[in-house]
Amino acid sequence: MKTIILYESKHGCTKTCASYIKEKNHIDEITKASDFNGNLKDYDRIIIGTPVYIGQIHKKIKNLIQANKALLLKKKIDIFVCGMNEEGYEDMLLMNFDEDIRNHAKIIHAGGAYDFDKLGWLSKLIVKKIAKVDHSVEHIKYEQMDLI
């Protein structure tokens, strides 16, 4: 089964998760969605990774899914979502993935991280105010990624 991992990552957590899934499943092809120049028709299985910020998945991932929805619904697709907001997870799914995609894809929450070394001052301020976190923290759910 020819498989590709397409992801976007702003601060590195989604890339870490994509690399873990690649190694665990012995997948040869992994690339940022924004760098992908191939044809999704060439793949039997497509694994998509996206960060979530303020309830929104990455714009390039949202565009990729919308532009290729009919094709994706004919493929085996897995989606892993990286974000620290556990409470808003179900609402985030409803807001970002239409019903057809939610029903067809295996979607997992891969956990998330706040890396204060990579956050800009505004992002740090938001994390401090909203999440009440003032230091780097990682909560990656490897057991969830093992389901892919």
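The values are calculated or read from the model by the stated rules, or taken from the named source; none is laboratory data. Bear in mind the structure is a predicted one, so any value in this text is a computation, not a measurement. Neighbour counts run over all protein chains shown; Cβ positions are idealised from the backbone, glycine included.
Details
- Within the range 103-122, tally of residues that are over 14 Å from the mean Cα position of the chain (by Cα) and either exposed (fewer than 14 other Cβ atoms within 10 Å of the Cβ) or at pLDDT below 85 (or both): 10
- Tally of residues being in contact with a helix residue (DSSP H, G or I) (Cβ under 8 Å, 6 or more places away or on another chain) and either under 18 Å from Ile57 (Cβ atoms) or polar (S, T, N, Q) (or both) across the range 12-31: 2
- Residues (surrounded by 13 or more Cβ atoms within 10 Å (Cβ to Cβ), without any contact (Cβ under 8 Å) to a residue 60 or more places away in the chain and not small (Gly, Ala, Ser)) located in the range 75-88: Lys75, Ile77, Ile79, Val81, Met84, Asn85
- Residue-level analysis places Asn68 among those that are in contact with a Leu (Cβ under 8 Å, 6 or more places away or on another chain), at pLDDT 95 or above and polar (S, T, N, Q).
- Filter result for the condition that a residue is under 16 Å from the mean Cα position of the chain (by Cα), surrounded by fewer than 16 Cβ atoms within 10 Å (Cβ to Cβ) and more than 21 Å from Thr16 (Cβ to Cβ), over Leu125, Leu94, Leu71: Leu94
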